[in-house]
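Please read the structure below before turning to the comments.
The values are calculated or read from the model by the stated rules, or taken from the named source; none is laboratory data. It should be emphasised that the depicted structure is a prediction, and the values quoted were computed from it without experimental measurement. Positions of Cβ are backbone-derived with ideal geometry, glycine not excepted, and every protein chain shown enters the neighbour counts.
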Amino acid sequence: MDLKLYDKLELKRTHPCGSREWEVLRVGMDIKLRCLGCGHEIMAPRRKIEKAIRRIITEEGEQE
């Protein structure tokens with residue numbers, strides 16, 4: 001999966017704040033995300049994040 005810095009993601013599960021949208025802050029073996037609802041930041045292995053992504057929302061449009 002081709003993730004870039006500052007891509008916006010929609011994940012399958014909702015965050016406790018009610019938002020499903022996250023912003024990519026770091027890409028590598030681990031991926032760091034910021035919740036666009038409350039600002040909470042998480043870092044998790046790439047494999048786990050890639051399984052949780054519903055779609056990637058980029059500046060140009062949408063990808064699936």
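For the criterion of being at pLDDT 95 or above and under 10 Å from the mean Cα position of the chain (by Cα), LYS48 fails.
Every listed requirement among (1) buried (at least 16 other Cβ atoms within 10 Å of the Cβ); (2) in contact (Cβ under 8 Å) with a residue 40 or more places away in the chain; (3) in contact with a Lys or Arg (Cβ under 7 Å, 6 or more places away or on another chain) is met by ASP7 save one, (3).
Report yes if LYS12 is surrounded by fewer than 14 Cβ atoms within 10 Å (Cβ to Cβ) and in contact with a helix residue (DSSP H, G or I) (Cβ under 7 Å, 6 or more places away or on another chain), otherwise no. Outline the logic, then answer.
On the way: surrounded by fewer than 14 Cβ atoms within 10 Å (Cβ to Cβ): yes; in contact with a helix residue (DSSP H, G or I) (Cβ under 7 Å, 6 or more places away or on another chain): yes.
Taking the combined requirement at face value, the residue satisfies it.
Against the conditions (1) modelled with pLDDT under 95; (2) in a strand (DSSP E or B), HIS15 satisfies every one except (2).
Being of a type in the set (A, V, I, L, M, F, W, C) and surrounded by fewer than 15 Cβ atoms within 10 Å (Cβ to Cβ) is the filter here, so list the residues in region 23-48 that pass it. Before the answer, list the steps.
Restricting attention to region 23-48, the residues satisfying the condition of being of a type in the set (A, V, I, L, M, F, W, C) are 24-25, 27, 29, 31, 33, 35-36, 38, 42-44.
Passing the criteria: LEU25, MET29, CYS38, ILE42, MET43, ALA44.
In the condition set (1) surrounded by 15 or more Cβ atoms within 10 Å (Cβ to Cβ); (2) out of contact with any helix residue (DSSP H, G or I) (no Cβ under 8 Å at 6 or more places or on another chain), LYS51 is compliant with all but (1).
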